[in-house]
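The values are calculated or read from the model by the stated rules, or taken from the named source; none is laboratory data. Source: prediction; values computed, not measured. Here the Cβ is made from the backbone with ideal geometry for all residues, glycine too, and neighbour counts use every protein chain on show.
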Amino acid sequence: MASVKDMRTRIGSVKSTQKITKALQMVAAAKLRRSQQAAESARPYAERMTKVIANLAAGVSGPSAPLLLAGTGKDQRHLVVVVTSDRGLAGGFNSGIVRLAREHIAALLGQGKDVKIITVGRKARDQLRRNFSARFVATYEVGLKAPNLELAKPIAEKLLELYLSGEYDVVTLVSSKYKSVVTQTPTARRLIPAVVETKAAGPAPFYEYEPDEETILAALLPQNITVQILSALLENQAGFFAAQMTAMDNATRNAGDLINTLTIKMNRTRQAQITKELIEIISGASAL
Amino acid sequence: MADKISFELVSPERLLLSEEADMVTLPGAEGDMGVMAGHMPLVTTLRPGVIDVKGGSQSDRRYFVLRGFAEVNPTKLTVLAEEAIPMAQVDAAVLDQRIRDAEEDILQAKTEGIRAKAVETANSLKAMRAGL
């Protein structure tokens with residue numbers, strides 16, 4: 001049986017762990033608010049962009065459609081972009097994204113497709129490296145700063161370069177969608193060829209295009225990729241902090257429970273020892 | 001005064017401005033244009049230049065935009081700018097920096113299309129710099 005001193009040390013160490021998780025929880029909560037705001041304020045742009053592209057795409061179709069919109073017409077060579085965070089301590093946040101990515105890749109491989117991977121975030125790289133390192137094309141890190149255009153642009157440019165050189169047919173983006181503080185769902189969506197929502201509501205308004213539809217689409221589609229990546233990064237960041245906050249809250253609570261149990265056990269042991277000593281003294285006295 | 005047009009200026013990172021205005025002047029790809037309520041539906045790309053908002057709910061405002069595009073319909077004007085800075089924060093130093101960036105892009109351009117774009121950007125920026 002552990003001695004009282006051992007238990008006291010153990011309680012001390014759990015207490016300092018609790019302090020750390022508590023601090024991390026508060027940091028995550030503070031950062032969550034900011035990144036949530038960033039994710040929300042980036043939404044209008046992405047939404048308008050999608051709407052305009054949908055309008056344009058309705059008018060441009062057939063063989064003249066740009067590559068980024070129509071795709072190569074094949075479905076053989078896939079490029080999967082997996083976006084996670086750099087750091088852990090956020091419960092199942094990163095594992096969830098990586099699991100979805102793995103399933104997605106496995107499904108594609110099962111259909112006999114070629115799959116290559118780009119990872120964004122250290123966790124995606126580390127967790128996928130074991131099985132798929134031969135399929136890596138490029139890896140990126142998120143860094144400590146809040147995601148911004150400077151971060152999204154190089155990734156988008158690399159994607160475009162790869163796609164336009166004709167090496168891939170389909171590009172998919174796997175990242176976490178931020179729904180609320182308690183729910184973040186990993187999602188996979190197609191990035192290229194662009195997904196165009198077909199609107200049910202009436203005919204699209206007639207627009208005049210300046211210079212012309214093709215030129216505008218050619219300028220818009222690459223920009224759309226950048227924006228999609230940026231919004232994935234922002235949502236990921238917000239989701240990461242939310243998940244971290246929840247995970248650290250749980251950890252703090254567990255540490256508290258552990259401390260309580262240990263304290264009770266320690267008190268019992270100490271009391272048992274005192275009682276034992278008393279009995280020894282009394283029986284010693286009565287023997288005289 | 002005629003009806004106002006609702007104007008929104010959005011950059012990838014946030015919504016910069018959303019208000020009712022009498023007229024908004026845009027640096028369109030094929031020349032500047034003034035947009036008022038009742039304008040015909042139009043989508044255009046923008047070159048680097050100045051957006052001028054007249055008769056908004058607040059005093060007149062000017063923004064410097066670096067590329068982007070605008071969607072116009074009779075009641076609403078949406079500008080999606082790649083980057084937008086209030087004119088008050090733009091001075092010669094900022095423009096010089098942009099011109100240098102654009103010139104670097106020209107040198108590094110891999111395809112003719114990208115090069116042409118960068119040259120165009122640099123030219124518009126220089127014109128602005130000269131007019132400052």
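Tally up the residues in region A:161-189 that are over 17 Å from the mean Cα position of the chain (by Cα) and closer than 22 Å to A:Glu235 by Cα, please.
Here is the first cut: in region A:161-189, the residues over 17 Å from the mean Cα position of the chain (by Cα) are A:161-171.
With the extra rule that they be closer than 22 Å to A:Glu235 by Cα, the set shrinks to A:171.
Of the residues in region A:161-189, 1 are over 17 Å from the mean Cα position of the chain (by Cα) and closer than 22 Å to A:Glu235 by Cα.
Take B:Gly55 and decide whether it is more than 14 Å from every other protein chain (Cβ to nearest Cβ) and in contact (Cβ under 8 Å) with a residue 60 or more places away in the chain. Don't jump to the end; show me each part of the working.
On the way: more than 14 Å from every other protein chain (Cβ to nearest Cβ): yes; in contact (Cβ under 8 Å) with a residue 60 or more places away in the chain: no.
Considered against the rule, which asks whether it is more than 14 Å from every other protein chain (Cβ to nearest Cβ) and in contact (Cβ under 8 Å) with a residue 60 or more places away in the chain, B:Gly55 comes out as no.
B:Glu83: within 12 Å of chain A (Cβ to nearest Cβ) and touching a helix residue (DSSP H, G or I) at 6+ places or on another chain (Cβ under 9 Å), yes or no? Let's see the steps before the verdict.
Numbers: within 12 Å of chain A (Cβ to nearest Cβ): yes; touching a helix residue (DSSP H, G or I) at 6+ places or on another chain (Cβ under 9 Å): yes.
So B:Glu83 fits the description; yes.
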Exercise. Collect the residues in region B:1-15 that are closer than 29 Å to A:Gln37 by Cα, more than 10 Å from chain A (Cβ to nearest Cβ) and surrounded by fewer than 20 Cβ atoms within 10 Å (Cβ to Cβ), keeping them in residue-number order.
Key: B:Ser6
Practice problem: Filter region B:17-46 down to the residues that are buried (at least 17 other Cβ atoms within 10 Å of the Cβ), more than 12 Å from the chain's Cα centre (by Cα) and within 13 Å of chain A (Cβ to nearest Cβ), then identify the one that is farthest from A:Ala38 (Cα to Cα). | Solution: B:His39
Exercise. For B:Gly68, work out the one condition from (1) surrounded by 15 or more Cβ atoms within 10 Å (Cβ to Cβ); (2) within 18 Å of the chain's Cα centre (by Cα); (3) away from every other protein chain (no Cβ under 13 Å) it doesn't fulfil.
Key: (3)
Practice problem: Go through (1) more than 18 Å from A:Ile229 (Cα to Cα); (2) among the aliphatic types (A, V, I, L, M); (3) over 18 Å from the mean Cα position of the chain (by Cα); (4) at pLDDT 90 or above and name the single condition A:Ile105 misses. | Solution: (3)
Exercise. Filter region A:99-124 for residues that are within 25 Å of A:Leu160 (Cα to Cα), surrounded by fewer than 22 Cβ atoms within 10 Å (Cβ to Cβ) and either in contact with a strand residue (DSSP E or B) (Cβ under 8 Å, 6 or more places away or on another chain) or among the β-branched types (Val, Ile, Thr) (or both) and give the result.
Key: A:Leu100, A:His104, A:Leu108, A:Leu109, A:Lys113, A:Asp114, A:Val115, A:Lys116
Practice problem: Given the conditions (1) among the small types (Gly, Ala, Ser); (2) touching a residue at least 12 places away in the same chain (Cβ under 8 Å); (3) in contact with a strand residue (DSSP E or B) (Cβ under 9 Å, 6 or more places away or on another chain), report the number of the one that A:Ser41 does not fulfil. | Solution: (2)
Quiz item: Do we have A:Met49 as surrounded by 19 or more Cβ atoms within 10 Å (Cβ to Cβ) and under 27 Å from the mean Cα position of the chain (by Cα) here?
Solution: yes
Quiz item: How many residues does region A:246-259 contain that are within 25 Å of the chain's Cα centre (by Cα) and surrounded by fewer than 23 Cβ atoms within 10 Å (Cβ to Cβ)?
Solution: 8
Practice problem: Just name the residue that is nearest to the other protein chains (Cβ to nearest Cβ) out of those in region A:140-164 that are outside any helix (DSSP H, G or I) and either modelled with pLDDT of 85 or more or surrounded by 19 or more Cβ atoms within 10 Å (Cβ to Cβ) (or both). | Solution: A:Pro147
Exercise. Report those strands (runs of 3 or more DSSP E) wholly inside region B:35-132 carrying at least 1 residues which are at pLDDT 85 or above.
Key: B:42-46, B:49-54, B:61-65, B:68-73, B:76-81
Exercise. Just need a number here: residues in region A:30-44 that are more than 10 Å from chain B (Cβ to nearest Cβ) and surrounded by fewer than 17 Cβ atoms within 10 Å (Cβ to Cβ).
Key: 3
Quiz prompt | Elements of type helices (runs of 4 or more DSSP H) contained in region A:45-139, each with 2 or more residues being within 14 Å of chain B (Cβ to nearest Cβ) | solution = A:67-70
Quiz item: Just wondering, is there one or more residues in region A:209-232 that are within 14 Å of chain B (Cβ to nearest Cβ) and in a loop (DSSP other than H, G, I, E, B)?
Solution: yes
